[in-house]
Amino acid sequence: MIAFIRGTIASYGTDWIVVDHEGMGWQMAYPHTDEVHLHEEIMVFTYMHFSENEVSLFGFASQEEKDLFMRLISVKGLGPKTAMNMLSKAGTQKVIQAIETGDVASLKKMPGIGAKSASQIVLDLKGKLVPVEMKDHKNDEKQYPDEINDAVEGLKGLGYKPSELGTAINEMMAKPGLSAKEYLQMGLRVMARGRMGK
């Protein structure tokens with residue numbers, strides 16, 4: 001099983017990316033293509049799905065997001081493509097909130113989810129997600145050390161949008177123990193590299 005892939009973005013579309021890892025291109029479904037840039041470095045947590053007709057690779061920005069995906073596809077009748085669309089359109093936090101509050105109406109608004117599926121998701125998963133402390137990497141920065149949070153705030157202050165910062169944060173998390181200033185400098189390098197590659 002492939003747990004994660006680290007490489008650079010070779011190409012991407014509306015719902016997929018190709019990660020170049022040592023000259024091999026790995027194409028996978030990915031829920032945050034609005035946050036990637038050509039040639040930038042990325043670390044993707046992966047799940048390989050085997051079906052009768054194909055083998056598919058799914059990528060995630062964090063282990064927490066992958067864990068939620070695995071929970072979702074454990075629900076009877078909920079396939080990996082539908083689970084990926086839920087994460088792409090709503091994000092981890094909104095999906096978890098809807099499940100934990102039994103908000104069937106909100107789940108039904110998510111792509112590919114009908115009334116029966118929404119009720120089954122709540123039935124199977126309610127009460128099982130909160131202890132995992134899932135984080136929505138788009139909206140919740142408390143999962144990061146203070147130095148990284150400070151650097152992220154600095155990048156925002158310089159005009160970068162939160163949706164642009166995913167790769168920079170991934171690289172910061174891969175190098176623990178630095179100062180806020182060092183993380184900010186690292187973030188600026190990543191952002192400059194990403195914009196040059198667009």
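Derivation of every value follows stated rules applied to the coordinates shown; laboratory data play no part. Not measured: the values here are computed from a predicted model. Here the Cβ positions follow ideal geometry from the backbone for every residue, glycine too, while neighbour counts run over all protein chains shown.
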Distance violations [Cα-Cα > 24 Å] among LYS89/LYS161; LYS81/LYS116; LYS108/LYS161; LYS109/LYS161; LYS81/LYS175; LYS89/LYS128
LYS108/LYS161; LYS109/LYS161; LYS81/LYS175
Could you work out how far the C-alpha centroid of segment 86-124 sits from that of segment 53-78, in angstrom?
15
Here are some values of Cα extents along the principal axes in Å: (1) 72, 51, 29; (2) 49, 37, 26; (3) 154, 51, 18. Which one was computed from this structure?
(2)
What angle do you read, to the nearest 10 degrees and between 0 and 90, between the alpha-carbon axis of helix 115-125 and the longest principal axis of the chain?
70
What is the angle, in °, between the Cα long axis of helix 80-90 and the longest principal axis of the Cα atoms in the chain? Nearest 10 is fine, range 0 to 90.
60
Which angle between 0 and 90 degrees, to the nearest 10, do you get for helix 180-197 versus the longest principal axis of the chain when only C-alpha atoms count?
80
Specify whether the C-alpha gyration tensor of segment 68-123 places it in the rounded, prolate or oblate class, a ≥ b ≥ c being the square roots of the eigenvalues: rounded for a/c under 1.5, otherwise prolate if a/b is larger than b/c and oblate if not.
rounded
Among 33-46, 97-110, 14-27, the order from most to least packed when residues are scored by Cβ within 10 Å on average:
33-46, 97-110, 14-27
